[in-house]
Amino acid sequence: MKSRINGRLARATYATAAAVVAVGLIGGTSSADAQTLAGLQTAARTTHHHGNGWTTPPATFTDPTLSTSGSTDVTSAAAADTATQTADTTSAAADTTSTASTAAAATTDASTTGGAMPVGNLPGWNQTLAQDFTTNVSAGSFPGPYASSFMSYNGFTDTSGIGVYDQNIISANDGVLNLALHTNSLGVPLGAAPIPLVNGQWGGQTYGRFSVRMRSDALSGYGAAFLLWSDANNWNDGEIDFPEGNLDGTAWAHNHVIGNPTDDNLDADTGVDFTGWHTYTIDWTPTLLSYEVDGTVVAQTTSNIPSKPLHWVMQVGTNGSRPASSTAGNVQIDWATVYSYNP
C-alpha cells in the first residue's frame with residue numbers, strides 16, 4: 001500500500017448523530033431522512049484522515065495514535081461544533097457575497113469542455129439520478145431547488161480537524177455547481193460535502209455506477225475524496241474512493257480491504273490533474289470494481305468488493321495541513337449521475 005501525503009493520520013472529533021441532526025448540521029435533510037441518519041450514524045463520530053481523503057469510521061475504530069488523554073467529550077465537542085457553525089453563520093453573508101463573486105469570475109464554461117451528461121439507462125444499469133445544475137442557486141441557499149436530489153454536510157469539522165464543512169459556500173450558476181473554498185473571517189478554512197440522493201432518499205444502494213464531471217483550482221492545503229461510504233457507518237463494510245487527492249495534485253483511485261479497512265486493496269495514481277475538466281466513474285458490481293476517467297478504465301479489482309449498502313459523498317476539505325489564509329478557489333461540478341445495477 002502506498003502512503004498518501006504524510007501517511008495515515010488519525011484525529012478524533014466527536015459529535016452525537018442526534019446532536020448533528022438536531023442543530024441542522026446535515027443540510028437539506030427531511031425529517032424522515034434525519035431519523036434515518038440518527039438511527040444509522042453511531043453515537044460517537046470518529047473521523048479518520050488517511051492522507052488525502054476523509055471518511056467516517058465506526059465508533060469501534062480505535063487508532064493507536066490516539067491516547068485517552070487526547071479524547072474529547074461527546075457533548076462538549078458537539079457544542080463546540082455548533083458554536084463554530086453559529087459564529088461562522090454570523091459572518092456568512094459577507095463571506096458568501098465575496099466568494100460568490102470570486103466563483104463567478106473563476107468559473108470555466110463546462111459546456112465548452114465536452115462530456116455531456118448521459119441521460120437514460122445504460123446496458124446493465126438503470127439511471128436513478130441525473131443532475132446538471134441548470135437552476136441557479138446563490139451561495140447560502142443550497143440545496144434549495146436541489147433538495148430532492150442533494151443534501152450536504154454542514155457545520156462540523158472536516159476529517160482532518162482543521163476546517164469546517166459549510167454548505168453556505170455551495171452555489172450553482174450557468175449549469176455548474178460551485179464549492180468556493182476559502183478561509184473565513186474567523187480564520188477557519190471552509191470546505192463542503194454534497195451528498196447525492198438515490199431516488200430522493202439517503203442511502204439504500206448496493207452496487208451501482210457513479211459518475212461526476214468536475215474540475216478544481218490548484219489549492220494547496222485542500223483535497224477531495226469522492227467516496228462510497230457505509231450506510232451503517234461501519235468502516236469494515238468497505239470504502240471506495242474516486243477521485244481522491246490533493247487539489248494541487250493528481251486524482252487517485254482507492255479501495256479498502258473488507259474487514260481490515262486501514263489497509264488498501266487498490267491504490268492507483270491516474271496521473272490526471274484536478275485542474276482540468278474530467279469525468280470520473282466508479283462501476284461497482286458483485287464481481288468487479290472499475291474506475292474510469294473520461295470513459296477509459298484506469299484501475300480495476302476483483303477482490304474486496306463491498307456487498308453492503310454504500311452512499312456517495314463528495315467530500316472536499318483541508319488535507320491535513322492548514323491552507324494559507326489567502327488560498328481561495330473553486331471546485332466545480334458540471335454534472336453527476338447515479339445508476340443502479342441491473343444485470
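The value for the stretch 198-343 of Rg(Cα) / (2.2 N^0.38 Å) is 1.02. At q = 0.18, 0.20 Å⁻¹, what is the log10 ratio I(q)/I(0) for the stretch 257-311, with the Debye formula run over Cα points and no solvent? Results for the stretch 257-311 at q = 0.18, 0.20 Å⁻¹ read -0.69, -0.82. Each residue, residue 303 and residue 269, gets one label point 7 Å from its Cα in the Cβ direction; the gap between the two is 2.3 nm. One quarter of the surface of the convex hull around the alpha-carbon atoms of the stretch 111-183 equals 6.9 nm², the direction-averaged projected area. Put simply, when 163-170, 137-144, 243-250 are sorted by average Cβ atoms within 10 angstrom per residue, most first, you get 163-170, 243-250, 137-144.
Expressed per residue, the C-alpha convex hull volume of the stretch 273-343 stands at 147 Å³.
Only the coordinates and a few stated rules stand behind these numbers; no lab work does. All values derive from a computational prediction rather than experimental measurement. Note: ideal-geometry Cβ built from the backbone for every residue, glycine included; neighbour counts use all protein chains shown.
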